[in-house]
1. Among the residues of the range A:98-111, which ones are under 12 Å from residue B:494 (Cβ atoms) and either facing another protein chain (nearest Cβ under 7 Å) or not polar (S, T, N, Q) (or both)?
2. Pairs please, first residue from the range B:505-522 and within 7 Å of another protein chain (Cβ to nearest Cβ), second anywhere and hydrophobic (A, V, I, L, M, F, W, C) and in a helix (DSSP H, G or I), Cβ atoms under 6 Å, 6+ apart in sequence or on different chains.
3. With respect to residue A:209, is the statement that it is of a type in the set (A, V, I, L, M, F, W, C) and assigned to a helix (DSSP H, G or I) true?
4. What is the number of the single condition among (1) more than 13 Å from chain B (Cβ to nearest Cβ); (2) under 27 Å from residue B:405 (Cβ atoms) that residue A:160 does not meet?
5. Could you list all residues from the range B:448-481 that are out of contact with any helix residue (DSSP H, G or I) (no Cβ under 9 Å at 6 or more places or on another chain) and facing chain A (nearest Cβ under 9 Å)?
6. Can you tell me how many residues in the range A:196-206 are of a type outside the set (Ser, Thr, Tyr) and in a loop (DSSP other than H, G, I, E, B)?
7. For the range B:323-358, what are the residues that are in a loop (DSSP other than H, G, I, E, B) and surrounded by fewer than 24 Cβ atoms within 10 Å (Cβ to Cβ)?
8. Find the residue count for the range B:88-99, including only residues that are in a helix (DSSP H, G or I) and at pLDDT below 90.
Amino acid sequence: MTASFPLPTTEAPRPLLEARGLVRRFGGLTAVGGVDLSISQGELVSVIGPNGAGKTTAFNLISGLDRPDEGSIRFDDIDITGRSPEAVHAAGLSRTFQHGRVFANLSVADNVLVGAHRRLKAVKPAWPIIGPVAELALALIRPPSVKAEEAALREEVREILAIFGERLLPRIDQPAYSLSYANRRRVEIARALASRPKLLLLDEPTAGMNQTETAEMLEIIADLKARGQTILLIEHKLDMVMRLSDRVIVLDDGKKIAEGAPLVVRNDPAVIEAYLGHGGVGAAADPAAPAGPASDQPVRLSA
Amino acid sequence: MTSWFDHTINGLIIGNIYGLLAVGLALIFGVSRLINFAHGSVYVVGAYVGWVAVSVLQTPFPVTLVLVVALTAALGIVIERFGIRPLADAPRIAPLLATIGLSFVLDQTVQILFSPDPRSVPMQVPNWRIEIGGGSIGLLDLLIGGIGITAAASLFAFLKLTKWGWAVRATALDRDAARAMGVDVDKVNRIVFAIASALGGVGGVLVGMYYNVITPTMGFEATLKGIVAEVVGGVGNVPGAIVGSLLLGLVESYGVALLGTSYRNLFAFVLLIAILVLRPNGLFASHRQLPPEPMTGTFVAPSKPVRLPVPLVAAAAALAIALPFLTENGYLIQTLTNAWLYALLGLSLTLVAGTSGQVSLGHAALLAIGGYTSALLAFNLNWPVWLTLLIGGFAAAGIGTLLVSPAFRLRGHYVSIATLGIGEIVALVILNWESVTRGPIGVAGIPPLSLFGYDLYDTNAIYWFAFALMAALALLQVRLLGSHLGRTLRAVRDDDVAARSFGIGLKRYKGLAFAFGGFFAGISGAFTAHMYSFINHETFNTQISVLALTIAILGGMGNVGGAILGSVALIGLPEIFRVAAEYRILLYGIALLLLVRFRPQGLLGTV
């Protein structure tokens, strides 16, 4: 082997996020039992699975809200296993929340500006005492550089909100509590985008949205992907997953039961079984499946 | 020298009485997710009912006990019905504040009815003592122990064996599920408040007999001790509360044996902070349990704050400045000077509790730190007062933030309990650190306020100085709220989980809020010390902390103009109408109750 021509392009791209053997137990329940997950730069990977499969728990482990009992997580060549949410965010990861967590009393603009918090120059110095005191002084004195930065960010907030058309822009100064559920989900995504994340984690971005709104969100996510944004998506609406994803990971009962291209995954018998039901119940229901109440999901799967 | 055996017995007896309180608190927390600050007041009522029964009606002991149980249980039902139940859908902190208001009302009513003087409860039990080893056990000790064990056993039987006991446990596990299964949760609440209050009342009458003295003000300390015991055992954990109480009793008793009586409470509060920091779910909680969600929630009701037009604010300021020329009434000027100083405190707390969502119940400690720092520097070292005022502000900011920093990782009610404990610790350190603070005697002859080398004795000059300080710092706070820090602090308040996910470190921003607010409070405390020329450990007590919170809520949490308006209303109006001191506290309690119930967003709205 000659070391004269190192050719990085011939190597497989290093994954941006690489989680190995993640385990999280709650008392006797194993919510996540040894899940591997990786995503490369520019990829859109979806995590699907029935309710209680451990999708959100896995998201919480990755984003630092919860600590894994076992396993390791590397992000952008840094070990972030068990690090605080602040540290994970500083590494370049932003997320939205399953049930929506906007800052209720803050205006739409302020919500999005909080997303850009880490980018503020005043926030940067992390030295104890001196850092916060300097931040306080800058906030009170507000030299021209601080004012210019704030003005530029406010302009950027308008640009980000424009992604959602006229949904949020007219409401830019309204408090978030006055928004509809769907609009709050949009604010969350805008907030995450304002941080310019290397990896965006979206936890059911279309929950509670109607068909038109879902289609709109699909366009927005597709657009983000086209711009090169790396996205890890949890989603229940399978047609959306099939259309957007480069790769799909299927969780059931805390374990990964399938992974691969959308076409491959949707025809995987294990996946169909996970959505249909397990063991005896599934077998008993099988003859009746085409007409039974469980027929909804498999029909979509093969659509 | 009393023997260790005696200290152990004494610790267990005191622990038993704490247990009667803590079990009630744990029961109430279990079904209502509420820390009942009025619990100690029920205990006071129990003690005074006992006193009336024994001294006036001359009832025998069993009848006394029955009377106490019946009346305090009835009081518990009233508290639940009118104080707590209307707030079922309010933010979690609202009923907690309501119970603080209730405790003010109950304590002051008892004080007005029975005078503040201590009274002795005649012991109705023969003073037989049994000698064991190096010490002795009295009949009263055995009786208290017996009542404690009987109460615990019957409670256990009630919870495990009766239908309503099951309902209580079901409600504690999941209120909504219990309601869905047909459990009348309102009735469960009523039963629990009745039982808890009766236990507290019995505790009150027993402590009256044990120490042979009762006062209307002893309730607050009892509440605190019950809360400490409850936190030690794990909030809402009934057997844990019993173990926690006995442990607290022993720790205190041994601590007193080692260091003396004045350290008793210090041990209790240091234990509280240690448990909150190291094991916030109590000694018996399982490893890595996430804090229960219902403990979170801010008091900031969504509302549209009133926008004060600038000309109106300017006109009000001009009137305030011109006032000494318009009136000859020195008393009015003094009252308003006081109001400006309380406004500084209100600004401080409205930032910490309103903007940042950390409902502090120990804010008076910041006044004390500022006041003592400035007074001692000016008195001992003859430093100019303008400088010591400034240093007082910085000392409160620095020391206050440092002291409260262990609580930065806590949320919701736990913050309130921790700040309360820290406030008590500061007061106790001031009391016991005699070489520096002169202990209970206090610091007298503090140099007067001075500016540019001139001493300020003139009422009007002091008034203008206070107003200028307050106005300048209020403008500074407005500027802070308009910066990125304003939205960052409010983000921490609204959802600390989401805030952390966007890189907002809680320590840094809670620290900034406490430091900025601490500076204001420190200046206010220092100013007060020089204005009155005397302070001691009681000058800045917990009542002032609660008053500050009432000011902040009245004005609208987080609202700068609101804090000033709230202070003028709560400090100015009672003075102007010359309400007597004891009725004033009653008024504050009622004001807090009504606000929480009917106008949680305050006069000018929350920001």
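The values are calculated or read from the model by the stated rules, or taken from the named source; none is laboratory data. Values in this document were obtained by computation on a predicted structure and should not be read as measured data. Because the Cβ atoms are built from the backbone with ideal geometry, glycine has one as well, and the counts that use them run over all protein chains shown.
1. Answer for the range A:98-111, where residues must be under 12 Å from residue B:494 (Cβ atoms) and either facing another protein chain (nearest Cβ under 7 Å) or not polar (S, T, N, Q) (or both): A:101, A:102, A:103, A:104, A:105, A:106, A:110.
2. Every condition considered, the pairs that remain are B:512/A:136.
3. For residue A:209, the condition - of a type in the set (A, V, I, L, M, F, W, C) and assigned to a helix (DSSP H, G or I) - is not met.
4. Among (1) more than 13 Å from chain B (Cβ to nearest Cβ); (2) under 27 Å from residue B:405 (Cβ atoms), residue A:160 violates only (2).
5. none
6. Residues flagged as of a type outside the set (Ser, Thr, Tyr) and in a loop (DSSP other than H, G, I, E, B) within the range A:196-206 amount to 5.
7. Passing the criteria: B:327, B:328, B:329.
8. Going through the range B:88-99 one residue at a time, the tally reaches 5.
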